[in-house]
Amino acid sequence: MVHFTAEEKAAITSLWGKMNVEEAGGEALGRLLVVYPWTQRFFDNFGNLSSPSAILGNPKVKAHGKKVLTSFGDAIKNMDNLKTTFAKLSELHCDKLHVDPENFRLLGNVMVIILATHFGKEFTPEVQAAWQKLVSAVAIALGHKYH
Amino acid sequence: MSNFTAEDKAAITGLWAKVNVEDAGGETLGRLLVVYPWTQRFFDSFGSLSSPSAIMGNPKVKAHGVKVLTSLGEAIKNLDDLKGTFGQLSELHCDKLHVDPENFRLLGNVLVTVLAVLHGKEFTPEVQASWQKMVAGVASALGSRYH
């Protein structure tokens, strides 16, 4: 199980406190679909994903992105218990959604980039390290119930 | 071999022209060593890597980071022949330096993060996509002579 130090938790929660989850969610999912286009395969029923601007403006992408990031927010409140927090979502992504766990790592990387673009120099190496640890741990937790 | 569109090349070269390789080099290698601490194993001779501030201030880290990014700058002039450009460096990293190619992907991700930190909103999803393609191409080229 991943252990987060007090400094890491502080770095994560303080930045999270400044995030607009609504906007960041749409941006995170949108960037995933633009930067790693094969991930669009999971969103066939989302309508127009034919170009970066279509993707980033797509209301279903925004809504679903918000849902994903809100769930991330739950992770942040439960950093010492990520596997339990994500157990049901892990089963869902394996049994129903059939998502390769590699995609969780890709989304995590996209989130790190978004934080970097929003916070600039405030996204110091130490803050980046804490966040990279979090997104890796979330990816592992989401893959945990796969079989 | 990755196929870079005209837009990819423009996004890559356009952003690169604004990068101060001296600053960005140290920042990139430093962040790799902070965010993925096991990578410090390749730099035993670099002196103090005992904390994020020691790493980021270490002159050998900065110097080597500049060397790495300068090499990347060469790649950017040869986007259609990354394997040729990195042939010898690939052999060096395999035969002499014994570096697991996964580390090239990690460095690529760190570079993308540094560009995001430095350029904020200008690091749009499309620009990110081109750069992600670029670093993936470089990682692949650096791994191409491994045996």
Criterion: within 14 Å of chain B (Cβ to nearest Cβ) and closer than 21 Å to B:Thr124 by Cα - qualifying residue of A:Glu22, A:Glu27: A:Glu27
Would you be able to say whether some residue in the stretch B:28-35 is within 22 Å of A:Phe123 (Cβ to Cβ), at pLDDT 95 or above and touching a His at 6+ places or on another chain (Cβ under 8 Å)? yes
Residues (away from chain B (no Cβ under 14 Å) and of a type in the set (S, T, N, Q)) located in the stretch A:69-116: A:Thr70, A:Ser71, A:Asn78, A:Asn81, A:Thr84, A:Thr85, A:Ser90, A:Asn103
Pairs, first under 18 Å from B:Val110 (Cβ atoms) in the stretch B:47-66, second assigned to a loop (DSSP other than H, G, I, E, B) and hydrophobic (A, V, I, L, M, F, W, C), C-beta under 7 Å, six or more apart: B:Ile55/B:Leu49; B:Asn58/B:Leu49
Considering only the stretch B:25-53, how many residues are surrounded by 15 or more Cβ atoms within 10 Å (Cβ to Cβ) and touching a Gly at 6+ places or on another chain (Cβ under 9 Å)? 8
For A:Glu27, indicate whether it is modelled with pLDDT of 95 or more and part of a helix (DSSP H, G or I). yes
Any hit, the stretch A:36-46, residues being within 17 Å of the chain's Cα centre (by Cα) and within 21 Å of A:Thr117 (Cα to Cα): yes
Hey, among the residues in the stretch B:86-126 that are of a type in the set (Phe, Trp, Tyr) and more than 14 Å from every other protein chain (Cβ to nearest Cβ), which one's farthest from the chain's Cα centre (by Cα)? B:Phe86
Residues satisfying the stated conditions in the stretch A:117-128, i.e. within 7 Å of another protein chain (Cβ to nearest Cβ), surrounded by fewer than 22 Cβ atoms within 10 Å (Cβ to Cβ) and in contact (Cβ under 8 Å) with a residue 12 or more places away in the chain: A:Glu126
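The values are calculated or read from the model by the stated rules, or taken from the named source; none is laboratory data. The shown structure was predicted, so the numbers you read here are calculated from the model rather than taken from an experiment. Glycine also receives a Cβ, built like all others from the backbone with ideal geometry; neighbour counts cover every protein chain displayed.
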